[in-house]
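Trainee: Before I ask anything, here is the structure I am working with.
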Amino acid sequence: MGREPRHVQPPIHNRLQVLRAERGLSRQQLSDAVGVNYQTIGYLERGDYSPSLDLAFRLAEFFDLPIEAIFARTPFAPMSRATSTPL
Amino acid sequence: MRGASASVHTPATTTYEPAEVTWRDAVTTTSRASRRRWTACYALLLVLLVASIVDDRFAVGGADDERMPLILIVAVPVVFGMLRRGTRRLTALDHPDLDERDIEARDSAYRIAFPLLVLVMIAALALLALSLPQAVPGPRHGWFLESQALIGIGLWIALWAVYLPTGALAWREPDALESETQHGGLPEPLRDALLGLALAGAIALSLLAESNTGFLPSSPR
């Protein structure tokens, strides 16, 4: 408990909170749709938990996006910066 | 898996009514700090419990049938119940619907609890040495351990065995999410302090009292 774990997994960043807000979904609604507890959705959004491949696929299918658009090894750029990029 | 199919794209339009807050909800520990306080409190209660079993100075009265403070036995399930609710009963072996994160957290808690239980067993063996002088010779051969303390120590091990997975989970789980429907109530540190004072006061009274009956009339022997 006080000791560092031997194998620290690198964090997996995600855009779940943004995608959920964009679609006007509550955590409960999203959790019902992908079959997990609503607390798990919150832990995912907070970065307290990294999903299994199966759950990542279910979320990707639900949002109709490729997995890499939702999950990444590196932090996502803020949406404001992404949208202000000149075409 | 529960809930709708993963291919549903349209958000449901149902609105979630705020659930009625019961007294059980009000004493459910939700933050990690609170859960850690009660985990330590429960461990302390179990230490007090075994102290009252093996040493009369911690017991009520001192007679053989009044060796455990009643309130201590009451406090143990109260605190355990709080921790169980605070960890959403994830350690229940027959829990109907755990998702992948819940299962991972539960399995991890059992893995941590096992070596801790071994330590408890070693401590119980040491305590057994205190009870051995009370062993009596059997009718044919050998010594029979008929001491009430042995039953108490067995119960103590069982309480640790049941508690340790929940304790490990309570200690490690992150803060619960704030409910999407907020409800009022006492701040958690204040609520913990009040409950802790009530339990500590009751245990102290129980230890100082001459009998377990308190203000109730004692039954004739």
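Trainee: Between B:Ile73 and A:Arg23, take the C-beta separation as r, use R0 = 41 Å, and let me know the FRET efficiency to the nearest 0.05.
Mentor: 0.20
Trainee: If you don't mind, another one. Using 7 Å Cα-to-Cβ label points, what is the B:Asp107/B:Met121 separation (nm, one decimal)?
Mentor: 2.3 nm
Trainee: I would also like to ask the following. Cut-off is 10 Å between beta-carbons; in what order do B:Leu72, B:Leu159, A:Leu59 appear when sorted fewest neighbours first? Don't jump to the answer; show the numbers that get you there.
Mentor: Working: B:Leu72 22, B:Leu159 19, A:Leu59 25.
Ordered by Cβ neighbours within 10 Å, fewest first: B:Leu159, B:Leu72, A:Leu59.
Trainee: Express in nm, to one decimal, how much length is gained between B:Asp55 and B:Ala198 on full extension, taking 0.36 nm for each residue of separation and deducting their alpha carbon distance. Before the final figure, lay out the partial values.
Mentor: Values: separation 143, 0.36 × 143 = 51.48 nm, distance 2.44 nm.
Contour length minus the Cα-Cα distance gives 49.0 nm.
Trainee: Ok, one more. What average number of partner chain Cβ atoms lie no more than 10 Å from the Cβ of the residues making up A:24-35?
Mentor: Shielding by partners across A:24-35 averages 5.
Computed from the coordinates by the stated procedures, all read-outs in this text should not be read as laboratory data. It should be emphasised that the depicted structure is a prediction, and the values quoted were computed from it without experimental measurement. We place every Cβ from the backbone using ideal geometry, glycine too, and count neighbours over all the protein chains shown.
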